[in-house]
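For reference, the structure discussed in these notes is given below.
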Amino acid sequence: MMPLFRAAGMLALMALGACSAEKHPFDRHLAQLRPVTVAALPDMGWAPGTMLCPMGIYQSELSDSAPQADRVNAFLRHKKFLGDEGLWSLIVVKPMSEGAAGIEQLLFKRGDYDVITDPQLIARDAETLPAGFAPHACVTVGQARLLVTRAQGSHRKRIIFGASQARFHSGFCLPAPCLTRYSTFAATAEL
């Protein structure tokens, strides 16, 4: 009986390792961005109107002020999701959907960048925000921009989700010309 449990455990570990070896195209895209840049999102096939809500490390829910927060937080509670140091999430909320239907959570291993969602951290780095760029807890695919910065004295990149009104900023550029890795797995739930 014990060898059977060991074999099952080894198969589970091998399956988990196989899932984490491949990087999601969005993760590959984020890893390729260089500071200091404001970049559009790559085409991931998300429908217009799809809402993207990043969640940083240790973050287990969206702030109450975020669009769709009640719905997304109910989805996360149903899954019993708890954020930790090794993962950040991207919540994808499809347009014209209700309840948990149409919500997907992409989990990404922490790479050589940090996704910053804490308003206090963003405010502390306010001088690095280019004119016209506004950080958002959730942003629609069509408006979404990624600000890539680097903390002073750090080799790690910081990525902030937001929107930008202007096409070009001093020292920054938008969209495709500036676009220059999926230790992740998708998690969905039906309520």
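We did not get these values from a lab; they are worked out from the coordinates using the rules stated. Just so it is clear, the model here is predicted, and its values are computed rather than measured.
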Which whole-Hz couplings ³J(HN,Hα) result when phi for each residue of segment 79-96 is put into the Karplus expression 6.51 cos²θ - 1.76 cosθ + 1.60, θ = phi - 60°, listed in order with x for Gly and Pro? 7, 6, 6, 10, x, 9, 5, x, 9, 10, 10, 10, 8, 10, 10, 6, x, 6
In whole Hz, the Karplus estimates of ³J(HN,Hα) for segment 115-120 (6.51, -1.76, 1.60; θ = phi - 60°; x where Gly or Pro) are 8, 9, 10, 6, x, 5
Relative pair counts by distance (%), Cα atoms of segment 56-163, 10 Å bins: 13, 45, 33, 8, 0
Under 5 Å from the placed amide H of Thr37, counting only residues 5+ away or on other chains, we find Val148
